[in-house]
Every structure is written in structure tokens, then in C-alpha cells.
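Take a look at the structure set out below.
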């Protein structure tokens, strides 16, 4: 057998092996991993426990399968593989996967090879794709063709393929080899299989058997035994959720029996259904939601209420109240003007108004005019507002005020929205549209860089609104605190469910829309009964009130005493949040709701209870009335219980699609290939729970939720790439797992080293070194590698030299990253010590001073300059200095001077350094003596000086990098005050040695980040503007050249938490506020000037800080002050100023710009 192994190795030199190798290497990038089967949440500890499941298909049934396979040109193994793959694909997230097939691979290398005893087992990796469709026979043909093609290239073994996969893609071999199909049908075969499965019954009856290959999770084996088929599954039991292996094994057995009993099943259009019948019934029951479909329009119930109870209160705001009759009259008045301007069914009217009674009247006016409303938030950037008008085609705008500087598209008519008109009302209007006409268009973030306008009909939205109102048993006694913006679809439920049942809307003051103290006051004053928001807002309220059932003065009891219904949606709900609310408001019922704007507000709901506190997450719930919610795999087949798939929504609530965007509509709204049901693909991942509810697990695309707002990372990235400062960019999310989630941007700036930009790099090299050089990156690397490994062998007799030292070899290192702590001045003094001029005893022919390095003629024309970055050298202000070698001191040239690292080409270490050391030749001091050779002698002197400085750096823990010749820009010459005869020759940059544990630390982009933040705020809504910025030389890529999202997030996380010098507090107020931040944020690296939002403080956390700071400083102040003075120093300065009398608990009214800032902070 040893000779066989050695002979087999020689096959690697054959054409067959080379063809096989090329065949497999071409597939390395596309070969899918193994089936993504459900895994146990907490796998067992210790050695794997393997179990065996075994069953038989009787001889008659197996004979029928073999005969039907032969009639179709299929082998029995191909049929079994197809059946196995069908079951695996049902319980897998993807129908495209790889199976590990052991092979008996005895090459005919000798005429007596069949007499050898040894292990001739090899493996092949079989690619299976169920997505192509078709029935069992079609799948078996595809599997058989692929297997035969693979076996034609078996000379490059599966083990070698696994090795290449691991090397090329960085994935462990177990990702491809953990699910096995092993056929031993003819192993040990006698003519009639009379000696059992292995032909070994003559040895006795087997007592126990199980396969235990370490990397294998599931091993399928088949045998023939006296004409029957025996199949066995060996599996690592505790790696799978309870019951899953039994369900899969029984499904496989049922499928084999179907193929044996029903010939028509072979050639069916689809694979047979293998889901357990109990699960099919579970899903059908969960989606049995049919109920009466409401008739009419969203505004119909309001109009009825206004006619029957015109005196009832409809809207409560800081400016006063509106009755149903007053609200109706205002809406009719504006609706007539809209109709006169051309509004009608299918046409959009933009509502450009802040939250308030006028906004509510405008929405109703649009519907009374027959049109659909398009919310445009006045606090959006002007460019965004103009884009919305242009893309939507809305040519009518209802507005409370003309926004300054708004560039509207041509042909837009602006109608003033004014509730001051008290003229006698005309006859009420009857809406001209039907339930199938458009009700509203809401724009959400878009993955391609442009927002998507979701177009929803009255019938779809009304179905959800009525279901919501009935679940909450809303009536004229109810009050809702309407916190959601009009552009957020929760506002649809607030307005039309409450006004349609006779209740009232309680509207927050626009200047305090993010202040939970204001909310609590309104809730207590107006006895709010209904809360409907994203979870973060309820967290803010409870954090403000405190978790105790009652505090001094009874504020929590007063604010929450009337609350009876709470609906939370739009983001993950902390498991403890419903319990926190119930502790203070025992009568409140908390419902977790979910869905999509594309499916009319909500499609699914779950009534929370005490049992939810033991879960990992609160369930998504069950489908609401006349809606269906499914968990489907990539073939639109239902996923079994516990298997992850995409959540899709069907039913009456679906939107028409994306307004004026048929391509994106076609991608997101699909028709189920079997049922014909129209579905919306949410992009959310979820799974069925055993009790028939759905659990949401996250997303597979780039959409994220930040404080309830849908954010497409692609839209953020597109906006970044449109900025002139940015060459490349990617967006990600930092935080989570108990920490605040924040948007982060990782950018390559236009001033960053070109990296992979070959043309840019080549231009840099030619500019610095001339035209006759290598510029192509690969050529430069090859030349460097050749020189570094070259060992020239000169001709002549060699004379070995004796070893004269036992010192270790030199450990010189170039440092391009530096610590952030301030550099001691003593370290800088030690670095410059070797350049001092020392006095010596006067003597004929001797200079009055001597130095450690030589200079042509003792002229010493090379001078030392320093550029010190502000705050990086202790006790030394930022600016430029010249070193005086005679007195060993630094003489200021320009204190406060700043040099731009980007002006000196691709040298990223310049931006991170604490100081630059520049060696400058005074040509007037050497040219008269040495003429054309003067510069050469200056360079020699600079080289000696640079070596002395580099040797002096390690003992004082300084890192240096020889940066070379910097560009003699006008900025540099001015900063050093150089004359025309002075020439910069060479530069070293340095700083404190970085802690190896922190390396490599991505450079943060404080200045760049602030500039990008300001520019993005001009074009994006506030939730889409990143708060964390990391600047890198190039974006991280995988080995396959794709953006490495995991590495990207790691860069952003490190940028978010990167240590930097913390400014110490000054004064008792700063000290007290800073102590609160240290305690609440559990970080001790926060300084007095750090921006709270950049530290990850969102609205929820800001409320907690607000309470804690008030206790620490012993005074109350509005929450808005935390946002308007977002650093310790700024807030302390504000608090130390004399207090201005204000009404208790209510923020003072501010000017328009301050109200705008407050509104922009709206969660």
C-alpha cells in the first residue's frame, strides 16, 4: 500500500491532474458552503454525543425506485442524493449548498492493485442547487450531471479542494464538509445481498455502530440488505435543536416512500412538500386572519364624528384646542382651495408644516380634496426638500410658512396654511375618491442612494387602522400623545384611528418634541390613555420618571395613571421594557407590533406578558386582520419551525409599490410562484416559534434601524461619495448588545495616500523622484523583494573576518503610529541632545565648539527645525521652532502655526505624529566654499544627524519614521520663516511609542469628521448623518476583493472608542458633570471638551444623564440644554450663568432657529 501511495503522488505530474486542478480552482470562489441547518442555541459542553437513526425501505419499494430511476437514465444514488438534498434544503436557509461525498478511489496503477488492503477513501465536494426548480427527477438529473463532471476531475482530491478553499476564502474546512452523504449500497456485495448490509453477516449480528468523523455534524449512509434499502443518519445530537433531527429523518423517509408509491411525483413541477403536517397546520392557522374589510376612506370616520359631535375636542396643543367641527371647517376651507388649484384623485399634495393643529388640518384637507398627501418635514435640509418635490411630482404645497432659501422645482404652487380664518363655513365637502385611490406617499431611506416613496391606498391603510382601533377598543374617552412625525407611518394610526373613534390628539410643543419632561406634563394634564411610538421614546419617558411606582409629588403616577394601551414598534424592544412600564402603570397593556411602511403601518402584533422576560427577544407576533406573514426560504418555500428565512407580508395592507419607481417595486413586491399571492419582501430575517408566532432575527441586507428610523447604508454611502473631500466610503453601525447603536462612516479622504489608485501613485512617484523610475506597484514590490534577498558573490579570494562582538543584531524599527499621550519635554530634549554644539578649550586650528558628527569644512550649514502639534508635547505650545545647538534650546519661529499633512503627498504618518523634525540647509553658509558639490555635502551631514537622532529615540520611548524630503510648499517655508537660500532636505516624524496592544489603531478623522457631518446635514435627514468617522488609507477588502464588512465595523468600533487625551475639568460644576458622565457611561477617558453625541449619547441616554446631572449640581434645567450645550465645559458654562426665570417644567419658547434645532433632534 505504501508503494501505491507513492505512485499515486506521481499522478500530480500528469495532464489529468492539471486539468482537474484547473477545474476545481475555477470554482473556488463560487462553491457554496454546506447546508445552513438550525443550530442549538447552547450546544452541549464536553465530547460530542453522536446518535444514530436507522430505517428501511422494503425490497418492493426499493425495487420500484430503482426501476423508475433506470427508466429515466438515473442511478439509484442520484435519486437518493436528490431526496437527501430536498430535505436538507427545506431545513436550510439556502437551497444552494455543498455536500461531502466519500469515494472509493482506487486508481488502476498496477494489475494487482485490487489485491491490496488499505484505505482508498477520498472525498468529493458536490454542489447542489435547488433554486432551479423542477421535481425530483429534474433535481436528480442535475445532481447526477454535476457528480459525473466532478468525478471526471477526481485526480485533484476533495481534501486538496478544501485546502484551497481555506486558503483563498479564509473559511474553515468544516463549512464545506460537515454534512455527508455516503453510499455503501454495493459494499461487500454478493450476488443476492444475502450476507447483509456489509456482506459480513457471517461474522455475527452487529451490536452497535456509529460513525464519528470529528468535523462531521450529519452523516447519511445507505446500504442494501437482501433487496431492501437501509438508511442511517449519524449526527452530533446536541448541536441541533430538540426534535429537528427527528423531523428531518422522518421527512426523508416519507419522501422515499412517495417516490416508491407515486410515479407522478417524479416528474412534478415542484419538489414534494416534506414539512411535517403539524407544522403546515400551524402556519395555516397563524395566517387565518380573514375578517370584514372596512369600507370608505381614512377620513370617513372622522367626517362622521365631526357631523354628529362637532363640539367634541379633536386636537389639543400648546396654542389651544380644536373641536371636531372647527377642525372639519378648516379642512374643508383648504380643501376647496386645493380643488380649485387642480387637486384630485391620484395627485400628490405636499404638506410642509411642523407638528401642530395646522398640520392635522392640512392632511384632512388633502383627503377632502380627493388627493394624497406627501409629508415634507420643514426641518429637512433644503436640498432634500427640493428633491422630494421634484421626484414625487407634487406641484401643490400646503405650508404654514415659506421656508427660507428653498429651491423648489418649477411649476410648484404654494398655498398658505392658516387656521386664523374664521369666516362662515361653506357646505361640507364630500371626498371624490374611492377606497382604491391613493391615500399618502411616505419616503423612506433607499439602498441605491435615493429615498423610496411608499404609495399606500386608503383601503390598505384603513384595514390596519380599524384593526388597531378595535384591538385597543378606542373611543371618545381616549387621548393619544402624538409624538411621531408625519413622515413616519405611526402618525397614520395616531391621526385616523383616534379621530375616527372620537378621541383627541395631544400634540407636543414643537420646541420640546424630544423632551420627556414635557411629555409627562402633557400626559398628566390631559390624561393620555394611548401611547404609540418606537421603543426608545418610552425608554426616555421611563428614565425621566424613574422606575419607582411613585416619586415625590406623584409625577409618575399622574403621567401614567390613565395609560391603558401601549403599542411599540419600529425597532428592537428591550426585554425588560414592558415590565418596567407595568411596574409604574399596572393597567397598561403593552403590544409589540411590527411590519413595514410598505404594508400599511403594521402587519403583525404580540401582546406582551410576564413570560416574555425570560426570552432572548420579544416575539414579533402573529399576523393582523386580513394580512399574512410568512417565513420563506430562497425558493419561496415555507421554512420549518426554528429555521431562519426572510419575512414576507401579504394581504390587504400591501402598498401599491414605490412611487414612480417600477424597478424597485418589481424587486420588492413579488408574486408567489405557487400560490399566486402578492407579497412584500421585507428583508427582515425571522423564524417560526413552536407556538405559532414569529421571532425577528435581524436583516441580511444593508438596512438598519437607528432609534426606530429605517436607514439604508447605501443611501448614506452615496451621500458621502458625492462630497469632494471623499474618495471612497462605507457606512456601518457601531454599538448594540446593550450599547447605543450609532451610524459610523469609514472614509478614504482625497488627502489620504492613493493606495490602490495606480495612476495617482505613479504621479506622486514621478513628481518626487523624476520620470525614469518604476511606478507600477507590482514592479516596485518585485524589485524590492529581489534586492532584499540578493546576496552578491564578488569574485576573488575570500578572507573570513573574526567575530568581535556577541551583541544581538540591530533592532532598528520605523514607527508610523504613535501614542496619544502628551510627550514629555525631557524626551524631546534627549532626542536633540546628540545635535548639541559643545564648547572646547581654545587652541590653534580648533573650532570653539565640537559636535558628534562631521561637517564639510566644519561649517555645519544644516539647521534643525521642529513643528510641534498643539497639545502633543507637554508644556510646549503648538507651532514651529528652531533648535539652538549652542544653548540647547528651542527658539519659537511661529507659535500657533499649523502644517497640513496632506500637502506633502502620500505620507499618512504625518497626520498622526506629535512632531516633525526638519533638517534645513543654509546654502549661503556652504555654497561659497563648495559650489556645485555643496548640496551633496549638506545631504551627507543631514544623514549623519538623522542617524544620531534615530539612535537617541528608543531610550526615551520615542518612535521615529524617516519621512524623507518634504515638499517645500509656501506654507512650509512661511511656517519656518525660511529665506530663499534655505532648502529643506530631510524630515523625521515621531511621537510616543504606541502601546502594541492598541496597534494597529485606525486614525480618527476629527477634523474631517466634523466637516463631513456638517456637509451631510445639508443633504440628509438627521437620522442618516453618521456620528462616528474613521479615516483610513483604503477600505478593507476580503481575499476575494469584496468589501470586508466585519473589518469595517471593527475599524469603526475602534474609532468610536479610541483613547485620546482627556481635557481635565476646571471648576466644581465641570467636575460634578464629568463625574456623572464617567459613572453613567462607565468610561474614564472622557474629557471636558468631548462632544456627547460623538461619545454615543443618544436621546434615551441623554434623559438619564439629564436626571443624574440635575441631582449632581442641585438644580433643575430643561433637557434641551443638554443638546444645545453638548460637552461638559459647554454645559457647565451654561449652568454657571445666572438662572433665567421660566415656567416650571416647560421649556421657554425660543426663536425660530432654536426651535428648528430642537425639532431636528426629534427621535
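Against the test of being assigned to a strand (DSSP E or B) and either crowded, with 24+ Cβ neighbours inside 10 Å or not assigned by TED's automatic domain parsing to the domain that holds residue 1015 (or both), the options 361, 343, 350, 354 yield a single qualifying residue, 350.
Any residue in the stretch 803-812 that is closer than 19 Å to residue 991 by Cβ, at pLDDT 70 or above and surrounded by 14 or more Cβ atoms within 10 Å (Cβ to Cβ)? The answer is no, given that none of the residues of the stretch 803-812 is closer than 19 Å to residue 991 by Cβ, at pLDDT 70 or above and surrounded by 14 or more Cβ atoms within 10 Å (Cβ to Cβ). Is one or more of the residues making up the stretch 629-644 in contact with a helix residue (DSSP H, G or I) (Cβ under 8 Å, 6 or more places away or on another chain), part of a helix (DSSP H, G or I) and at pLDDT 95 or above? No, because not a single residue in the stretch 629-644 is in contact with a helix residue (DSSP H, G or I) (Cβ under 8 Å, 6 or more places away or on another chain), part of a helix (DSSP H, G or I) and at pLDDT 95 or above. What do you reckon, is residue 664 in contact (Cβ under 8 Å) with a residue 60 or more places away in the chain and assigned to a helix (DSSP H, G or I)? So residue 664 passes the test. When 269, 295, 284 are screened for being modelled with pLDDT of 95 or more, out of contact with any helix residue (DSSP H, G or I) (no Cβ under 7 Å at 6 or more places or on another chain) and surrounded by fewer than 17 Cβ atoms within 10 Å (Cβ to Cβ), only 284 passes. Annotation for the stretch 329-337: no member residue is surrounded by fewer than 18 Cβ atoms within 10 Å (Cβ to Cβ), touching a strand residue (DSSP E or B) at 6+ places or on another chain (Cβ under 9 Å) and farther than 19 Å from residue 429 by Cα. Number of residues in the stretch 241-257 that are buried (at least 17 other Cβ atoms within 10 Å of the Cβ) and in contact with a helix residue (DSSP H, G or I) (Cβ under 9 Å, 6 or more places away or on another chain) equals 8.
Here is a yes/no grid of residues against (1) out of contact with any strand residue (DSSP E or B) (no Cβ under 6 Å at 6 or more places or on another chain); (2) in a strand (DSSP E or B); (3) within 27 Å of residue 178 (Cα to Cα):
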| position | (1), (2), (3) |
| --- | --- |
| 221 | no, yes, yes |
| 232 | no, yes, yes |
| 242 | yes, no, yes |
| 248 | yes, no, yes |
| 251 | yes, no, yes |
| 255 | yes, no, yes |
| 258 | yes, no, no |
| 266 | yes, no, no |
| 274 | yes, no, yes |
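Residues in the stretch 562-572 that are in a loop (DSSP other than H, G, I, E, B) and under 10 Å from residue 593 (Cα atoms): 569, 570, 571. Screening residue 966 against (1) out of contact with any helix residue (DSSP H, G or I) (no Cβ under 6 Å at 6 or more places or on another chain); (2) modelled with pLDDT under 90 leaves a single unmet condition, (1). Pick from 1120, 1108, 1112: which is under 35 Å from the mean Cα position of the chain (by Cα), closer than 13 Å to residue 1076 by Cβ and surrounded by 15 or more Cβ atoms within 10 Å (Cβ to Cβ)? Checking each option against the conditions leaves just 1108. Restricting the stretch 549-561 to residues that are farther than 22 Å from residue 1117 by Cβ and under 39 Å from the mean Cα position of the chain (by Cα), which is modelled with the lowest pLDDT? Across the stretch 549-561, the extreme among qualifying residues is 549.
Suppose we filter the stretch 830-847 for residues that are in contact with a helix residue (DSSP H, G or I) (Cβ under 9 Å, 6 or more places away or on another chain) and either at pLDDT 85 or above or surrounded by fewer than 11 Cβ atoms within 10 Å (Cβ to Cβ) (or both); how many remain? Residues in the stretch 830-847 being in contact with a helix residue (DSSP H, G or I) (Cβ under 9 Å, 6 or more places away or on another chain) and either at pLDDT 85 or above or surrounded by fewer than 11 Cβ atoms within 10 Å (Cβ to Cβ) (or both): 6 in total. Considering 216, 161, the condition of being under 30 Å from residue 689 (Cβ atoms), modelled with pLDDT of 80 or more, in contact with a strand residue (DSSP E or B) (Cβ under 6 Å, 6 or more places away or on another chain) and not in a strand (DSSP E or B) is satisfied by 216 alone. Comparison of 181, 156 shows that the only residue that is surrounded by 15 or more Cβ atoms within 10 Å (Cβ to Cβ), under 24 Å from residue 249 (Cα atoms) and modelled with pLDDT of 90 or more is 181.
Considering each residue of the stretch 500-519 in turn, at least one proves to be free of Cβ contacts under 8 Å to residues at least 60 places away in the same chain, touching a helix residue (DSSP H, G or I) at 6+ places or on another chain (Cβ under 7 Å) and crowded, with 24+ Cβ neighbours inside 10 Å. Listed conditions (1) closer than 20 Å to residue 689 by Cβ; (2) over 24 Å from the mean Cα position of the chain (by Cα); (3) surrounded by 21 or more Cβ atoms within 10 Å (Cβ to Cβ) are all met by residue 613, apart from (3). In the stretch 751-763 there is at least one residue matching the filter, namely being at pLDDT below 75, in contact with a strand residue (DSSP E or B) (Cβ under 8 Å, 6 or more places away or on another chain) and crowded, with 19+ Cβ neighbours inside 10 Å.
For residue 483, are the conditions met, namely being touching a residue at least 40 places away in the same chain (Cβ under 8 Å), under 16 Å from residue 559 (Cα atoms) and buried (at least 24 other Cβ atoms within 10 Å of the Cβ)? Yes; evaluated as a whole, the condition is true for this residue.
Residue-wise test of (1) within 22 Å of residue 24 (Cβ to Cβ); (2) part of a loop (DSSP other than H, G, I, E, B); (3) at pLDDT 95 or above.
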site	(1), (2), (3)
79	no, no, yes
83	no, no, yes
89	no, no, yes
106	yes, yes, no
118	no, yes, no
123	yes, no, no
138	no, no, yes
144	yes, no, yes
147	yes, no, yes
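Screening the candidates 436, 494 for the property of being surrounded by fewer than 21 Cβ atoms within 10 Å (Cβ to Cβ) and free of Cβ contacts under 8 Å to residues at least 40 places away in the same chain yields one hit, 436.
Condition check: surrounded by fewer than 23 Cβ atoms within 10 Å (Cβ to Cβ), closer than 22 Å to residue 591 by Cβ and without any contact (Cβ under 8 Å) to a residue 24 or more places away in the chain. Does residue 476 satisfy that? It is false that residue 476 is surrounded by fewer than 23 Cβ atoms within 10 Å (Cβ to Cβ), closer than 22 Å to residue 591 by Cβ and without any contact (Cβ under 8 Å) to a residue 24 or more places away in the chain. The residues of the stretch 310-324 that are out of contact with any helix residue (DSSP H, G or I) (no Cβ under 6 Å at 6 or more places or on another chain) and either surrounded by 24 or more Cβ atoms within 10 Å (Cβ to Cβ) or closer than 15 Å to residue 476 by Cα (or both), listed by number, are 311, 313, 323.
The values are calculated or read from the model by the stated rules, or taken from the named source; none is laboratory data. A quick note: this is a predicted structure, and the numbers were derived from the prediction, not measured. All Cβ positions, glycine included, derive from the backbone under ideal geometry; neighbour counts span all protein chains shown.
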